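These notes are about the structure you will find just below.
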Amino acid sequence: MTEPNYRRIASLKTADDFAGYLEQLGLELPFDRELQAGSDAPLAQSYQLDGLKIGNRFCILPMEGWDGTEDGRPSELTIRRWKHFGESGAKLIWGGEAVAVRHDGRANPNQLTSYDATSAEIENLRKTLFAAHREKCGSTDDLFVGLQLTHSGRFARPNDKKRLEPRILYHHPILDRKFGITSDFPCLTDGEIDDLIGDFVKAAVRAEQSGFSFIDIKHCHGYLGHEFLSATTREGKYGGSFENRTRFLREIVAGVRRDAPTLMIGVRLSAFDFLPFKMGDDRRGIPENFEGQYSHAFGGDGENPLQINLSETLQFFELLGQIGIKLVCVTAGSPYYNPHIQRPALFPPSDGYEPPEDPLVGVTRQIKVTADLKARHPQMAVVGSGYSYLQEWLPHVAQYHVRTGKVDFAGLGRLVLSYHDLPLDVLAGKPLQNKRLCRTFSDCTTGPRNGLISGCFPLDPFYRAHPQAAQLKAVKQEIK
């Protein structure tokens, strides 16, 4: 049950309403009251990245549909989504969606997977995106498209959507208990990690051959790359010290530079993390019980694991610069254990807790951390996340932060499922189509959590008419 003081964004009709509510919450989230359109608008400006031109300041974040085939290929639903990415008008496409580098790293049995046998169809996704963009927007000369490469690690479900088959780096004092991992469950060995690095490099070579401009080596949301960063208790060359915990990234980068030299490399990073949360007696999220020093929240404060400490995050940014990575997308936390800091929403998915804070607090937290990191590393091309919850006020906040150099690109995630062409409308100075704005009903997450596909069932007529819409409705009624 939603707290009455968590006002819906749609009720904030004027700039004064929005500013007043932010002030009521004690939040500093600057925004432009008037939007600019046309070639001189801040969000329409191009960005130069190592001599490459990216045509505007909108970015489409990786959006999975849990709708590929069991052998790792795209389905018609996947193709439809990538076509929408191309039609969006955004000139930076961050990864399209997460692609597993091998079978045991899939987050679900319908995740795209990079094999020699799937390369042609993944390449066709890119071609579909380009063709859609060309038809809608004209030139693709300033379109920059990457592929996100991943291994899901602790949260792998390669064979059954409802059965975890984790590959872990260390035994976590809370997550092991939370997800049923026993104390004798094996951790990945250094040798197995060496082999996995080779799989990432092979997937990068396929991405280069398929015409992608860059790859993202995923380091966010509790998946394996992110877990390396918190592996402070792991022994051996991949754990303990900061140098060891970043060896996985450095060795992948070295291999990609050797075998796929034309590819640029980006990293999507959970820049901070908190203690895992659980559902309290009133269904609202509360922190898990933990005493003592908590050393498993990268970007968190070990003494107070509900606070941010960016010392290692800044060190990570320094490392990115040293190994020649200039493209970074900032996110936070994990959808599996503290979703309110990662994807602020008013309505939780079926297995989720009610928000423990006004979602605008989570949005502001991400945007402020991103601005801080950009200020300290101005040479980086920084993509921000967490914008979808802002709804009507998304363009106003995005324009201010791009205009003032606090971020380079505004990243759009969940909102793209219901309103993929919002960037085109904003850039053309058209009024927003309010009925298509994502209201964070979380059906796009409830579906996959119950073995269904992901899509915007409330707002997208295509998914509203899909046969699985009735199944989703039944699932939600059972939960009530």
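The values are calculated or read from the model by the stated rules, or taken from the named source; none is laboratory data. From a predicted model like this one, the values you see are computed outputs, not experimental measurements. Please note: Cβ atoms are built from the backbone with ideal geometry, for glycine as well, and neighbour counts cover all protein chains shown.
Rundown of residues vs (1) at pLDDT below 95; (2) surrounded by fewer than 18 Cβ atoms within 10 Å (Cβ to Cβ), yes/no style:
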position: Ala90; (1), (2): no, no
position: Gly95; (1), (2): yes, no
position: Val99; (1), (2): no, no
position: Gly105; (1), (2): no, no
position: Leu129; (1), (2): no, no
position: Cys137; (1), (2): no, no
position: Asp142; (1), (2): no, yes
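Residue by residue, here is whether (1) of a type in the set (Asp, Glu); (2) closer than 18 Å to Val383 by Cβ; (3) out of contact with any Lys or Arg (no Cβ under 7 Å at 6 or more places or on another chain) holds:
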| position | (1), (2), (3) |
| --- | --- |
| Leu43 | no, yes, no |
| Ser46 | no, yes, no |
| Leu49 | no, yes, no |
| Asn56 | no, yes, no |
| Pro74 | no, no, yes |
| Thr78 | no, no, yes |
| Arg81 | no, no, yes |
| His84 | no, no, yes |
| Lys91 | no, yes, yes |
Condition met for Ser114 (crowded, with 24+ Cβ neighbours inside 10 Å, out of contact with any Ser or Thr (no Cβ under 7 Å at 6 or more places or on another chain) and closer than 30 Å to Glu288 by Cα): no
Hits in segment 27-63 - residues which are closer than 16 Å to Glu87 by Cα, in contact with a Pro (Cβ under 9 Å, 6 or more places away or on another chain) and of a type outside the set (A, V, I, L, M, F, W, C): Asn56, Arg57
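Among residues belonging to segment 41-74 that are touching a residue at least 24 places away in the same chain (Cβ under 8 Å) and polar (S, T, N, Q), point out the one that is surrounded by the fewest Cβ atoms within 10 Å (Cβ to Cβ).
Ser46
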Boolean, Gly240 is small (Gly, Ala, Ser), under 30 Å from Gly191 (Cβ atoms) and out of contact with any Ser or Thr (no Cβ under 7 Å at 6 or more places or on another chain): no
Considering residues of segment 221-248 that are farther than 19 Å from Ala332 by Cβ and of a type in the set (Phe, Trp, Tyr) only, the residue surrounded by the most Cβ atoms within 10 Å (Cβ to Cβ): Phe248
Any pair with Cβ under 7 angstrom, 6 or more apart, that starts in segment 135-150 at a residue that is in a loop (DSSP other than H, G, I, E, B) and ends at one that is small (Gly, Ala, Ser): Asp142/Ser46; Asp142/Gly55; Leu143/Gly55
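Has segment 184-200 got at least one residue that is of a type in the set (Ser, Thr, Tyr) and crowded, with 23+ Cβ neighbours inside 10 Å?
Within segment 184-200, not a single residue is of a type in the set (Ser, Thr, Tyr) and crowded, with 23+ Cβ neighbours inside 10 Å.
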Subset of segment 333-374 (residues that are in a loop (DSSP other than H, G, I, E, B), polar (S, T, N, Q) and within 19 Å of the chain's Cα centre (by Cα)): Ser334, Asn338
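Given the criterion free of Cβ contacts under 8 Å to residues at least 60 places away in the same chain, acidic (Asp, Glu), surrounded by fewer than 24 Cβ atoms within 10 Å (Cβ to Cβ) and farther than 30 Å from Val402 by Cα, identify the matching residue among Glu121, Glu34, Glu23.
Within the list Glu121, Glu34, Glu23, the selection yields Glu121.
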Conditions (1) closer than 21 Å to Leu394 by Cβ; (2) assigned to a loop (DSSP other than H, G, I, E, B): number failed by Asp71: (1)
Selected residue (only one of Ala345, Ala371, Ala332 is modelled with pLDDT of 95 or more, among the small types (Gly, Ala, Ser) and either farther than 27 Å from Leu437 by Cβ or surrounded by fewer than 20 Cβ atoms within 10 Å (Cβ to Cβ) (or both)): Ala371
